[in-house]
Amino acid sequence: MKKTLALIVSCMLLFVLAACGGDKDSASPNETGVTDTGVAPEAELVISATNYQFDKQEYTLKKGVPVKITFKNEEGNHGVLIPALNLQLDSKNDSAVVTPDKTGEFDISCSIMCGPGHTKMISKLIIEE
């Protein structure tokens, strides 16, 4: 019984450590700046993540302005989820051009289960008029 419990605990620890190990490879950005939707960004936002936190508590964008959002995974294995923009980025899909269409405050969260601090990995996106 003790061996089985030790094996289960070891496997869980292995999964947590694997989730926090970073893969720093990322795709190269589009050189022209024009996305496949034909929209060129007028602004750029970079969101960086380390273990259990984003680099800022708040990010600000303008409504109606196309922006290229780039995600940089600095430490650990993380992603970014912004439901208000229908956007999810990670180390394999690290940038996208979006045009915010509503104002307000919206949540940004980690989209990859990254360990014990995952649920606290939240920032705010403020979209202004």
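Each reported figure results from applying straightforward, stated rules to the coordinates on display, with no laboratory input. These numbers were taken from a predicted model, which means no experiment stands behind them. All Cβ positions, even for glycine, are placed from backbone atoms using ideal geometry, and neighbour counts span all protein chains on display.
Based on Cα atoms of the stretch 32-107, Rg over Rh with Rh as the Kirkwood radius reads 0.95.
Gain on full extension, evaluated as 0.36 nm per residue between THR103 and GLU42 minus their Cα-Cα distance, stands at 20.2 nm. As a rough guide to protection, the peptides 71-79, 105-113 ranked by mean Cβ packing within 10 Å, highest first, stand as 71-79, 105-113.
When the listed pairs LYS92/LYS120; LYS92/LYS124; LYS62/LYS92; LYS2/LYS92; LYS68/LYS124 are checked against a 29 Å cut-off, the alpha-carbon distance exceeds it for LYS2/LYS92.
Straightening the chain between GLU74 and GLU128 buys 16.6 nm, computed as 0.36 nm per residue apart minus the Cα-Cα spacing. With a Förster radius of 41 Å applied to the C-beta separation of LYS3 and LYS92, the computed FRET efficiency comes to 0.60. Between VAL65 and LYS120, full extension at 0.36 nm per residue minus the direct alpha carbon distance yields a gain of 16.9 nm.
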